[in-house]
1. What residue, of Ala125, Ala142, Ala119, is modelled with pLDDT of 85 or more, among the small types (Gly, Ala, Ser) and more than 14 Å from the chain's Cα centre (by Cα)?
2. Working only within region 289-304, note down all residues that are without any contact (Cβ under 8 Å) to a residue 40 or more places away in the chain and under 21 Å from the mean Cα position of the chain (by Cα).
3. Among the residues of region 321-335, which ones are touching a strand residue (DSSP E or B) at 6+ places or on another chain (Cβ under 7 Å) and either without any contact (Cβ under 8 Å) to a residue 60 or more places away in the chain or open to solvent by less than 50 Å² (accessible area, probe 1.4 Å) (or both)?
4. Does region 246-254 include one or more residues that are farther than 20 Å from Thr181 by Cα, of a type in the set (Lys, Arg) and at pLDDT below 90?
5. Would you confirm whether or not region 41-54 contains a residue that is in contact with an Asp or Glu (Cβ under 9 Å, 6 or more places away or on another chain), modelled with pLDDT of 80 or more and open to solvent by less than 70 Å² (accessible area, probe 1.4 Å)?
6. Look through region 327-353, keep the residues that are in contact with a Lys or Arg (Cβ under 6 Å, 6 or more places away or on another chain), at pLDDT below 95 and among the β-branched types (Val, Ile, Thr), and return whichever of them is farthest from Arg176 (Cα to Cα).
7. Being of a type in the set (Lys, Arg) and either open to solvent by less than 30 Å² (accessible area, probe 1.4 Å) or touching an Asp or Glu at 6+ places or on another chain (Cβ under 7 Å) (or both) is the requirement here; does Arg305 meet it?
8. Looking only at residues in region 268-303 that are basic (Lys, Arg) and at pLDDT below 95, which one is nearest to Pro104 (Cα to Cα)?
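The values are calculated or read from the model by the stated rules, or taken from the named source; none is laboratory data. It should be emphasised that the depicted structure is a prediction, and the values quoted were computed from it without experimental measurement. Note: ideal-geometry Cβ built from the backbone for every residue, glycine included; neighbour counts use all protein chains shown. Just so you know, the surface numbers come from the protein's heavy atoms only, side chains and all, with ligands and any DNA or RNA stripped out. Shrake-Rupley method; radii C 1.70, N 1.55, O 1.52, S 1.80 Å.
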Amino acid sequence: MTISNEKTPITVLTGYLGAGKTTLLNRILTENHGKKYAVIVNEFGEIGIDNDLVVDADEEIFEMNNGCICCTVRGDLIRILAGLMKRTRDFDGILVETTGLADPGPVAQTFFVDEDIAAKTKLDAIITVVDAKHLFLEIDRAPEAQEQIAFADIVVLNKIDTVSDDDLRTVEARIRRINPTCRIERAERCNVPIDHLLGQNAFALDRILDDDADFLQKDFDDHDGHDHEHCDHDHGKCDHDHADHDHGHLDASRHDDHVSSFSFMTRDKIDPEKFFPWIQMIGQEFGIDMLRMKGILDIKDDNRRYVAQAVHMMLEGDFQREWREGEDRYSRIVFIGRNLPRDIIEDGFMKTRVTA
């Protein structure tokens, strides 16, 4: 018998009330998708699964007839995860639903800080389900809705059949203002193929910012060699992905975001002796409000890309692949957070450049 050393991928699912998380969870627990997932929810009763589909129940754990497991969190998430990992190691993935949590950050941080969990699992992606019709109302009324988008690697833009094409583009523009690095999947009744959501490896260091390369390069080129962007999120002049932004019934620029994003770039080499102490200081000083950070850096005297990311104060980074021959080498770093001091962070980042 061979024991697999592969880590079990864990997906964190969040979204505002009524966005459609329950529909997505029902699909995972009932469809014949040929995979075996464990789904961790706050209360089994909230999911509304037909009892006929439950083939076995043991306290917190419910086994479904499609081979998936559903269990409830009545205590510590780490205890539940540890119990699941002892029960069986043949899960294709584990999904943690964060209903009632305004901030999925603490759940994500679990996979950084607990050594036993980190040894057996890996954070695959944070998915946020968004209601296309009610997003603007929710996002202005509840800061939590903005924060859930800010954390996302993937946004499921649900109920697209309830809005016009113009309004849909405006909603996507608003999402991009908050989180320019997420992938958006359009959906009706959360009908995104499950293999487009789970097992994506979106949180892996070697995938950081790969999907945004064109967006970042366009922004860099548009500024004619300037080392950083000047995107003013507070006044709606952001150029992120607005090429086809058509002002219809909604206007993405007429709102003050509790959460916003900004990015900086430079073609100068980064001095590691300056950068690492600086980014640690940023994490310590602004970590509570720094929801996500992602960066790819061209470090002095090294031919490999250094990739970094953070969730709140939890920072991780490593050298990844070598820069390819002819590849455009420049450093870029993206911050998403609550009222972060852009000028202070920009000044600090620019001071980590190698100076002659």
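1. Values: Ala125 fails: more than 14 Å from the chain's Cα centre (by Cα); Ala142 fails: modelled with pLDDT of 85 or more.
Answer to the selection: Ala119.
2. First, pick out the residues of region 289-304 that are without any contact (Cβ under 8 Å) to a residue 40 or more places away in the chain: 297-299, 301-304.
Result: Leu297, single match.
3. In the first step, residues of region 321-335 are kept if they are touching a strand residue (DSSP E or B) at 6+ places or on another chain (Cβ under 7 Å); the result is 321-323, 329-335.
Matches in region 321-335: Glu322, Trp323, Tyr330, Ser331, Arg332, Ile333, Val334, Phe335.
4. Going residue by residue through region 246-254, those that are farther than 20 Å from Thr181 by Cα are 246-251, 254.
Then drop every residue that is not of a type in the set (Lys, Arg), which leaves 254.
Retained after the next criterion (residues that are at pLDDT below 90): 254.
Yes, the conditions are met somewhere in region 246-254.
5. no
6. Applying the first criterion (in contact with a Lys or Arg (Cβ under 6 Å, 6 or more places away or on another chain)) to region 327-353 yields 330, 334, 336, 352.
Narrowing the set further to residues that are at pLDDT below 95 leaves 330, 334, 336.
Among the residues that remain, those that are also among the β-branched types (Val, Ile, Thr) are: 334, 336.
Details: Val334: 13, Ile336: 11 Å.
If we take residues in region 327-353 being in contact with a Lys or Arg (Cβ under 6 Å, 6 or more places away or on another chain), at pLDDT below 95 and among the β-branched types (Val, Ile, Thr), then Val334 is farthest from Arg176 (Cα to Cα).
7. Numbers: of a type in the set (Lys, Arg): yes; either open to solvent by less than 30 Å² (accessible area, probe 1.4 Å) or touching an Asp or Glu at 6+ places or on another chain (Cβ under 7 Å) (or both): yes.
Yes; evaluated as a whole, the condition is true for this residue.
8. From region 268-303, those basic (Lys, Arg) are 269, 274, 292, 294, 300; that's our starting set.
Of the ones still in play, those that are also at pLDDT below 95 are 292, 294.
Details: Arg292: 11, Lys294: 17 Å.
If we take residues in region 268-303 being basic (Lys, Arg) and at pLDDT below 95, then Arg292 is nearest to Pro104 (Cα to Cα).
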